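A short worksheet on the structure shown next.
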């Protein structure tokens with residue numbers, strides 16, 4: 001426990017030294033959710049006040065509520081905590097099913113990820129006649145896992161685009177409610193609306209927070225157990241007709257997902273979504289700078305200097321360089337463009353947010369029980385000389 005406290009204080013000092021590094025602050029909040037929920041609540045407020053994305057702030061608050069529910073430190077009817085989450089809960093029957101225009105062809109780089117998704121998930125779905133000959137029905141499930149900020153949500157939309165399917169995006173904030181039974185009804189409504197809109201992809205974000213292990217505990221833990229139980233019923237219950245419904249989930253912590261959800265026939269396919277490769281990093285940077293005042297920026301050089309950065313980290317590099325150029329422009333009274341040098345300096349000042357994730361996953365790989373989920377990750381770590 002003392003070591004955990006020391007580690008948290010080290011990260012806290014880094015956050016204090018770089019208060020505008022919102023990616024680092026969000027990673028710090030994620031750590032606090034496990035070790036100090038009360039402090040996490042305070043940091044979420046600071047994150048939002050510092051310009052953090054409002055949607056991310058809502059999701060972090062929902063995860064905080066889930067943490068308190070699991071630990072029994074919040075009553076189901078707790079007015080203050082419940083109201084904050086209840087504002088984000090959708091009413092049954094109001095799920096928006098969009099039609100994504102992107103496909104996997106629009107995902108720059110990540111050739112290995114796309115090839116794995118295509119061979120293990122999409123190819124059988126593109127050949128329904130062959131699948132039917134082998135007794136397979138239209139539908140399927142896939143868990144994407146990896147460091148935060150590496151494009152899992154974009155890939156999920158691209159998969160829906162490849163399938164020509166509707167897309168329903170579900171977060172923890174959409175489901176949690178202070179009222180007993182409402183969260184289960186919300187899960188039911190997601191699948192009901194998806195069946196009505198089939199072919200349809202349901203995408204559950206931050207799935208480890210929602211589909212966490214059903215442990216014993218107080219009333220809060222009971223609430224989370226009921227959500228997982230409802231998910232199990234919807235995925236394979238005798239009353240569930242899921243033809244044409246594709247279930248995708250994303251998680252930064254797949255080892256925390258209830259094993260019952262990972263059983264064969266449920267969410268039994270996995271793909272590792274790692275930090276973007278050089279081609280993807282260049283595309284992300286190009287997109288972040290498009291239409292902005294730049295001076296012949298050497299994109300490949302910046303991409304090479306950001307090895308191991310998440311997509312969110314790279315966007316932050318561009319944001320810092322743009323902010324610095326804006327300040328310089330205001331002082332000079334004319335436009336001072338972003339340069340290769342300013343981008344490289346911004347990149348040098350950022351510690352990749354993926355580092356924390358790889359540190360967290362190391363003991364899981366070394367000491368945990370592996371059902372094959374981490375095969376790709378093991379190969380990646382060997383390739384990159386990680387311990």
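Report the residues of region 308-322 in range of a label on residue 153: point 7 Å along Cα→C-beta, backbone N strictly under 15 Å from it.
The answer is 311-313, 315-316, whose backbone nitrogens lie closer than 15 Å to the label point.
Counting each DSSP H run of 4 or more residues in the chain as -39500 (n - 2.57), what helix-only mean residue ellipticity at 222 nm follows after dividing by all residues, to the nearest 500 deg cm²/dmol?
-16500 deg cm²/dmol, from helical runs alone.
Taking the Cβ-Cβ separation of residue 192 and residue 305 as r and a Förster radius of 51 Å, what is the calculated FRET efficiency to the nearest 0.05?
Working: r = 49 Å, r/R0 = 0.95.
That gives a FRET efficiency of 0.55.
Hey, in the GNM for the chain with a 10 angstrom Cα cutoff, which one of 184, 290, 375 fluctuates hardest?
Most flexible of the set in this elastic network: 290.
Which FRET efficiency, nearest 0.05, do residue 42 and residue 127 yield, Cβ-Cβ r, R0 56 Å?
Values: r = 53 Å, r/R0 = 0.94.
E(calc), rounded to 0.05, equals 0.60.
Kindly put 364, 382 in sequence by how many other C-beta atoms sit within 10 Å of each C-beta, fewest to most.
382, 364
Counting alpha carbon pairs within less than 8 Å and at least 6 residues apart, what relative contact order, in whole percent, applies to region 104-272?
Contact order relative to length: 33 percent.
Output the relative contact order of region 237-311, whole-number percent, from Cα pairs under 8 angstrom with separation of 6+ residues.
33 percent
Does anyone have the angle between helix 354-367 and the longest principal axis of the chain? Alpha-carbon axes, 0 to 90°, nearest 10?
50 degrees
Angle between the Cα long axis of helix 182-196 and the longest principal axis of the chain, 0 to 90 degrees, nearest 10?
90 degrees
Give the angle, between 0 and 90 degrees and rounded to the nearest 10, that separates the Cα long axis of helix 278-289 from the longest principal axis of the Cα atoms of the chain.
The angle comes out near 70 degrees.
Given R₀ = 45 Å, what would the calculated FRET efficiency be for residue 383 paired with residue 9, taking r from the Cβ atoms and rounding to 0.05? Don't skip to the end; give the middle numbers.
Working: r = 34 Å, r/R0 = 0.75.
Rounded to the nearest 0.05, the efficiency is 0.85.
What full-extension length gain, to one decimal in nm, is calculated for residue 341 and residue 54 as 0.36 nm per residue of separation minus the Cα-Cα distance?
100.2 nm
How much length, in nm to one decimal, is gained on full extension between residue 112 and residue 348, taken as 0.36 nm per residue of separation minus their Cα-Cα distance?
Once the chain is fully extended between residue 112 and residue 348, it gains 82.2 nm.
Evaluate the relative contact order of the chain (contact order divided by residue number), counting alpha-carbon pairs under 8 angstrom at least 6 apart; express in whole percent.
Taking the mean separation of contacting Cα pairs over the length of the chain, I get 18 percent.
Could you check the simple spin-label distance between residue 180 and residue 278, using points 7 Å along Cα→Cβ, in nm with one decimal?
Distance between label points: 6.0 nm.
Given the peptides 314-322, 16-24, arrange them by the average over their residues of other C-beta atoms within 10 Å, most packed first.
By packing density, highest mean first, the sequence is 314-322, 16-24.
May I ask for the Rg/Rh ratio of region 278-348, computed from Cα atoms with Rh as the Kirkwood radius, given to two decimals?
0.96
Between residue 134 and residue 101, with labels modelled 7 Å along Cα→Cβ, what's the label distance in nm to one decimal, could you check?
About 3.6 nm, to one decimal.
Each reported figure results from applying straightforward, stated rules to the coordinates on display, with no laboratory input. Given the structure is predicted, the values throughout are model-derived calculations rather than measurements. Neighbour counts run over all protein chains shown; Cβ positions are idealised from the backbone, glycine included.
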